[in-house]
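First comes the structure, then the notes that go with it.
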Amino acid sequence: MTGGEGLRIPIEGLDRVLRDHRLERVAEEPFPNDGWSGAALTRLRRGGGDRFILKRNSLARDWIAKATADGPVLREAWMASRARFLEQFFSNRMRPSYLGVGRDGDGFGILMPDLTGVLFDWAKPISVEELDHVLAGLGAMHAYWWADRDGGLGSILGDPDWALGGPWCPIRERITLICRSSLERPGPQRDAVAHRLLPGWDAFDRLATAAARDLIGMLDDDPQPLVDALERQPKTLIHGDLKLANIGIGADGVVETVDWQMVSIAPIAIELGWFLVANVASLPLEPDEILRRYAGHLDHGHLDPDDGWMRPQFDLDWPAVDAAILVGLLLRGWRKGMDAEAGITLASGVTAAEDLAWWCERAVGAADRLL
């Protein structure tokens, strides 16, 4: 099930959320953001110096929500309503950074702490130590078995919405969100971001190898072989949009995360492929080393008959790596083409042209093994 239809979500009015945090009479200040999806953000300051961010969003204003079959209860609102409860299952290494959510007209208002200075700047390099810290949090979340003993979502966490399937982002819509065909045909992607991204796809077509161009063109025309390959892989809870701008390290060492609007129960390949390509300007290591370090953080757990929770024998195997490479290039080949044409050098010390060549070669090999 997708789209959140029929979900039982105990969300009250936004005024109640603000009142609970003593913010009902606090003036809202403009808060700069990239406006990528269409949501509006404001800052609130409470006496004593505490600062908060209020995110207002709706299906009508958010092109990503429309493109990924979200609503009528937005995934991020649904996630925000459960954030404090879910945090306990992230091994105290990662948290969804939400304080509350309330209905706001035809949409939702999501209250968060102001994480200015905590969230990474995705245009700046991060250190190897910071990267390892993030990967540890990610591994802790992925390694937990977000299902019942039979492998289904069942009644995990005692939450009936999990039994209904949750408003998960569909795999097909996620991996084709900004591929060329999605940007060229009439729809929310073309209206919102095609003018920014299509020049990158043109650059990809000029600079990528012929075999990689043919492969990405084939998956663009028909992504079902990749969807089928992903459906065969183990699934877990994934954030869905792990740009470094959505991640930071809190004062207590816990990894802070925002923008869960493409949350899903899905293969880790989707998470890893996007993480590698979306953050290439900031990652200090090359993809193979990042994947090696991530694999080292996965928790090879057990079935505990006392608490009823199952932790799977979960590995970062070659099918997952191959799928991650294909997902990454299908989603962001446009950026790799643009960077290679600009002649930039990445944070890892590799030139963008060398990086594009690596992704082309690996993607073609991955397709031979996986599809």
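The values are calculated or read from the model by the stated rules, or taken from the named source; none is laboratory data. These figures come from a predicted structure and were not determined experimentally. Counting neighbours? That spans all protein chains shown, and the Cβs are built from the backbone with ideal geometry, glycine included. Please note that ligands, DNA and RNA were not included when accessible areas were found on the heavy atoms of the full protein model with its side chains. Shrake-Rupley method; radii C 1.70, N 1.55, O 1.52, S 1.80 Å.
For the stretch 355-371, the tally of residues that are surrounded by fewer than 17 Cβ atoms within 10 Å (Cβ to Cβ) and closer than 15 Å to Phe204 by Cβ stands at 2.
For the stretch 59-76, the criterion of being open to solvent by less than 60 Å² (accessible area, probe 1.4 Å) and in a strand (DSSP E or B) is satisfied by no residue at all. Only one of the numbered conditions (1) modelled with pLDDT of 90 or more; (2) outside any loop (DSSP other than H, G, I, E, B) is violated by Lys124, and that is (2).
In the stretch 1-27, how many residues are of a type outside the set (A, V, I, L, M, F, W, C) and at pLDDT 85 or above? Give the derivation first.
Applying the first criterion (of a type outside the set (A, V, I, L, M, F, W, C)) to the stretch 1-27 yields 2-6, 8, 10, 12-13, 15-16, 19-22, 24-25.
Narrowing further to those that are at pLDDT 85 or above: 13, 15-16, 19-22, 24-25.
Residues in the stretch 1-27 being of a type outside the set (A, V, I, L, M, F, W, C) and at pLDDT 85 or above: 9 in total.
Can you confirm whether Glu231 is acidic (Asp, Glu) and farther than 22 Å from Asp62 by Cα? Criteria met by Glu231. Set side by side, the residues Gly301, Gly296, Gly308 differ, and just one is at pLDDT 50 or above and among the small types (Gly, Ala, Ser), which is Gly296. Selection within the stretch 279-293: residues that are among the aliphatic types (A, V, I, L, M) and modelled with pLDDT of 95 or more. The member of this set that is most open to solvent (accessible area, probe 1.4 Å) is Leu285.
I'm trying to understand the selection: among the residues of the stretch 91-127, which are among the charged types (D, E, K, R) and either open to solvent by 40 Å² or more (accessible area, probe 1.4 Å) or within 18 Å of Arg51 (Cα to Cα) (or both)? Across the stretch 91-127, the qualifying residues are Arg93, Arg103, Asp104, Asp106, Asp114, Asp121, Lys124.
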